[in-house]
Structure formats: structure tokens, C-alpha cells
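One structure below.
Every number in this text was worked out from the coordinates using simple rules, so none of it is lab data. Keep in mind the model is a prediction, meaning the values are calculated, not measured. Cβ atoms come from the backbone with ideal geometry, glycine included; neighbour counts cover every protein chain shown.
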Amino acid sequence: MSVAGMLREIAAVGADPTRGGFSRAGYSGADRELREWFTGHATARGLDLERDRNGTLWAWWNPGGSTQRAVITGSHLDSVPGGGGYDGPLGVASALAAVDLLRNRAVVPEHPIGIAVFPEEEGSRFGVACLGSRLMTGAITPERALALTDRDGDAFADVARRDGLDPAHLGPDPERLSRISSFVELHVEQGRGLIDLGEPVAIASSILGHGRWRVTVDGQGNHAGTTLMDDRRDPMVAAARMIVEIRDLARATPDARATIGRLEPVPGGTNVIASQVRFWIDIRHPDDLVTAALIAETRDRVLAAAVAEGCRSEVREESLSPTVDFDLGLRETLRGTLADAPELGTGAGHDAGVLATAVPTAMLFVRNPTGISHSPEELVEDADAELGAVALADVLQGLAAPPQTRRSTEHMMAR
Ligand code: GLV
Ligand code: MN
Ligand code: MN
């Protein structure tokens, strides 16, 4: 089945009639349905399925019974609220298609090939991006993860337990990591790089360092009609000042990006001055020292804006990931396999960026003709999706069934 055909099967799952696009939060009903879809495809292909202690699904193809370290591909199935249909699922469907292609080529891999589906990559539900891969590599402690709560106040510990995970067993998995020789994630490109280059597929060079901070602004909740303008301590007005300050700071810092995409007034009534406003800042920069300086300056400006409006504020870090330069040796290998593919950096975060701290890791990007992502307008043309799957199959073949193995197999078969 084609990549586009597989993605069409899930076109109704988590479709969001209000926001448009898809809302497939981690551990939601939509997420579960997508995992069942993946499980169905893996089972139909005779792949061996397992779910690890941190909720990552693994589908194994090891026709030769190899005991070597595994070559892993895969991605995620959860989405941002109102997201596109390719961010995550493209990498999962392409992984399944790549295994089909390798089988059609009669490749018998020398290394097991695994397809991983990481949970809660977007962090849309519990606030920390790449929660599954962070737990696996130890980038977040299980204690901190278990205490995370979603918008409804449900703790990750309870949600994970209801989803069949044992909270006592979450956490670093060095044994599993030691059985991986490399990880290659295919992903929709989330900017205009490949449009500008006129190419369908790129090899990733780097991921921008990025972090998320939660700001709480406390004021005085009161009546919209009876409270004179000079008598107010309105956290919404303080937040508005802060948001403009953060935008101005990022604009004045070359290569910086700062976004406030989520804001929650409490209690959130039209005729009510809020008592509290919470909002989330996403800051990204290629230089980790600049990111640190940006967040220090942001804290100062947030505090000053709160004081100016008679409010109090707190800034708390939710996650921080340094800039990642992907493994040079693996990039070189991929360049040897995909001679025409350019190299591109990205501003988007990925499980591959987290895994890169533990195993040689690389990524492939597939052209997005709108250049828009985290939006219903994200797109991949069917033909590009197939080219991506072929590129991934070529890469997996090069890593798991290097030519000398194929030659000796062919030689043995000829005899
Ligand atoms: C995930 O896609 C991110 O970059 O936040
Ligand atoms: Mn993604
Ligand atoms: Mn994303």
C-alpha cells in the first residue's frame, strides 16, 4: 500500500471540525485509534509488536533472526491542536512502506529493523515535548513526568495507568538503547527549504535549540462593570505587555524565534476581570548561550510588566533542548546513499533530537509544498511521499544490509 493510501485510512481520526485539521493529543481516544491502526498494519506484515515501559510502540522486522544491534526508523502519531496530517504520521507510514519496499527487493537485513512510534511527541497534552523519548533516554525523570498534568488537571501518572502503563516502571531504558545501532526519522519538512531548493527529499543537518516556559500572572479578579479602570490589577493587560515585550526581544535578536501560542485566563468570562492568566512561551535559537540569555531577559521583562500592572508573575521552565547537530558519520553514510539530497537544518523539534544524545541519529525531510506546518495547511504531495519512502528504504538498506552482505548472500544463492 502507498504512503498516501495509508494516510487516507486515518483521515477521519481526530479530525477537528472546530479548529480544522487534526487534534490528536497524546493518550486521547484519537491517539489510541491511531496506535490500533499502526498495530493492524504491523500485524498484517507479520512484524513482532511490543510496547515498552514508556509507552513507545516497536514493530520488528528481523527475517534473518539477526542478533546484531538494530536499525530503527519511525516517528509519532500525536498532533498539536488543529495540526496537519503529516507531522508524525508521514514518518510512521513511510516506515511501513519502506519495509514493504525492502521485502519486494528481497533484502534480508543483517541487522533487525525496528519501527518506533513515540508517544506525546508534541507535548500538546502534558506540556513537555518528546515525553516518550525523554523518558527513555533519561532526559526527564519519571518523578517529574508522573507529576505533569493536562488541561483538565489529570496527572500523567493516572492517564498512563489507564492506558495500560505501569507508572512504577517508567524511566530510562539503557538496555534498549544499547540494542540500537542507529535511528533515522523521516518527517515532513516544516518550512520552505525544499521548495526553495526544488528537491523532494533532504538529509537533516541540525535542530534548533528550543525550550518552553510557563508564565503565571496573578492579579485581582473583579467585576467588569463596577471596577474603575484605575482600580484594576488586571493580569490580562500585564500578559499583553509581556507578549509584546517577548516579541520585541526576539525580533532584536538575530536568528531568535519566540512564540506565545497558548494563553488561559482564569476564570475566563467576558464580563470578568481575570484573577490569573497563564501563558506558554516557546523560544528557539541556534546558540544555546543566546537562548539562556534570552530567557533571562524575558524573565526580567515579564517581572517588570507584572509590577507595572500591580500584578505578580512567575516563569517556570517546562522543557529545554540544546541545539542538535546530527551524527556526522551517519550523515556521511546518508549522503553516500542519497547523492542528490541536499542537507537542511530545521527549527522544529523531534524525537530524533532527543535520541541523538544516546545513539547515532539522522533525519530525512520530505517537501511540504505549502511551507506551512502545525496547521491544517501542512501538505505533502502523494508522489513526494512515495519518493520519501523509497529514500528511507534505500537508507535502511544501506544501514541494515550493507552491499558486502548482499553480495555474499547473492553469491551463496548463486551457488
Ligand atoms: C514540534 O514539532 C516542535 O517543534 O515543537
Ligand atoms: Mn513531528
Ligand atoms: Mn510537530
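Numerical summary
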read-out: Degrees, to the nearest 10: 382-400 long Cα axis against longest axis of the chain; value: 60 degrees
read-out: Charge dipole (debye, nearest 20) of the chain; +1 at Cβ of Lys and Arg, -1 at Cβ of Asp and Glu; value: 460 debye
read-out: Sequence ranges 7-18, 171-182, ranked by mean other-Cβ count within 10 angstrom, highest first; value: 171-182, 7-18
read-out: Fewest-first sequence of M136, M1 by Cβ atoms within 10 Å of each Cβ; value: M1, M136
read-out: Length-normalised contact order of the chain in % [C-alpha pairs under 8 Å, at least 6 apart]; value: 22 percent
read-out: Burial ordering of F156, F118, F126, fewest other beta-carbon atoms within 10 Å first; value: F126, F156, F118
read-out: Residues with amide H under 5 Å from that of G345, placed H, sequence gap 5 or more; value: S205, S206
read-out: Cβ-based exposure ranking for C130, C311, in which fewest neighbours within 10 Å come first; value: C311, C130
read-out: Check: region 1-153 dipole with +1 on Lys, Arg Cβ and -1 on Asp, Glu Cβ, in debye; value: 200 debye
read-out: Relative contact order (%) - region 209-321, alpha-carbon pairs under 8 angstrom, separation at least six; value: 46 percent
read-out: Prolate/oblate/rounded label for region 209-321 (Cα gyration tensor, a/c 1.5); value: prolate
read-out: More than 26 Å apart - percent of Cα-Cα pairs taken over the chain; value: 57 percent
read-out: Interchain or long-range residues, amide H under 5 Å from I72's placed H; value: G114, S181, S182, F183, V184
read-out: Beta bridges by DSSP in the chain, antiparallel share as percent, to the nearest 5; value: 70 percent
read-out: Whole-Hz ³J(HN,Hα) from phi, Karplus 6.51 cos²θ - 1.76 cosθ + 1.60, for region 189-203, glycine and proline x; value: 6, 10, x, 9, x, 6, 5, 5, 7, x, 10, x, 9, 10, 9
